[in-house]
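Read through the structure below, which is laid out as structure tokens, and then see the notes.
The values are calculated or read from the model by the stated rules, or taken from the named source; none is laboratory data. As the structure is a computational prediction, the values presented were derived from the model and not from experiment. Here the Cβ positions follow ideal geometry from the backbone for every residue, glycine too, while neighbour counts run over all protein chains shown. Remember, those area values only see protein heavy atoms, side chains included, never the ligands or the DNA or RNA. Shrake-Rupley method; radii C 1.70, N 1.55, O 1.52, S 1.80 Å.
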Amino acid sequence: YRPADAYLLKPGRATGVPGIIEGTSADGNPVLIRVWPRGANVDDGDLVDIWRNELRVLHRLGGSPGAEDYIARLIDAGQDDRGFYIVIGAGQRSPAEVLLDPNRRGTEWLRSMSAPNKRRQLWQNLRRIALALEILHSQGLLHCNLDTWSVLTNGGSDLDFQLTGFEWSMRLLGSVSTRARQTGGAAVSFLDDWAAFAKLCA
């Protein structure tokens, strides 16, 4: 894979946030590469856990009905002495956060909802994310990190929103997780994803 020169999102080791960088596969297709760089002379066990967790989720979702339409497709993954990688087949899509940049041309509809047809397009695209969450939840999984970085789109007239960013996903054994959050110690449930979805819509 040939990565671009600059990150769309810089990695944050302290928070486990992967870097996101555009790239091209050997056959010329565009991809998004999620990168967890290794630290120098530090234990990378936490990064390995995060990386493996996202891989497990992507493999689990891969065979779910509808996943190919609504969830970004895993193409490849690997690691070397510089870091851990997940390659996503995003086509012409980029994270919605990137396209919300007011200086970016051709994606004005994402930032201006004055026309009814634009609002209709947005809601139809957001419905795709709701369906992606339904697929995730049907597998007993929570996303736990739904925001504008975890939604991919080309910003054009197509209905093409896809869900990605599963590094913090967790599996629930029941309707509510007994695993406490690091902040506050409250249990988590599927409602947390729907609350995040509401914020995303807003």
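Taking θ as phi - 60° and the Karplus parameters 6.51, -1.76 and 1.60, the scalar couplings of the stretch 119-127 work out to 5, 4, 4, 4, 5, 5, 5, 5, 4 Hz in sequence order, x denoting glycine and proline. Peptides 112-118, 122-128, 85-91, 52-58, ordered by how many other C-beta atoms sit within 10 Å of their residues on average, highest first, read 85-91, 52-58, 122-128, 112-118.
Round to a whole number: what % of the accessible area of the chain belongs to carbon and sulfur, probe 1.4 Å? Provide the component values of the computation, followed by the final result.
On the way: 5440 of 10940 Å².
It is 50 percent, rounded to a whole number.
Considering only the chain, what is the antiparallel percent among its DSSP beta bridges, to the nearest 5?
Working: 30 of 31 bridges.
Looking only at bridges with both residues in the chain, the antiparallel portion is about 95 percent.
Determine which residues of the stretch 55-95 fall in the zone a paramagnetic label at Ala6 would reach in this model, i.e. backbone nitrogen under 18 Å from the point 7 Å along Cα→Cβ. Within reach of a label on Ala6: 94-95.
Between the residues Gly83, Tyr70, Ala40, the greatest Cα displacement towards the positive end of the dipole of the stretch 1-146, with unit charges on the Cβ of Lys, Arg, Asp and Glu, is found for Tyr70. Between Asp81 and Lys199, residue separation times 0.36 nm minus the direct Cα-Cα distance comes to 38.7 nm.
Averaged per residue, what accessible area in Å² does the stretch 57-174 show with a 1.4 Å probe, protein chains only?
Working: 5760 Å² over 118 residues.
Ligands and nucleic acids excluded, the figure is 49 Å² per residue.
Do the sum for the chain: with -39,500 (n - 2.57) for every DSSP H run of n ≥ 4, divided by all residues, what is the mean residue ellipticity at 222 nm, to the nearest 500 deg cm²/dmol? It would help to have the intermediate numbers written out before the result.
Numbers: 5 runs with 61 residues, N = 202.
Computed mean residue ellipticity for the chain: -9500 deg cm²/dmol.
Working from label points 7 Å from Cα in the Cα-to-Cβ sense, the Thr24 to Ser138 distance is 3.8 nm.
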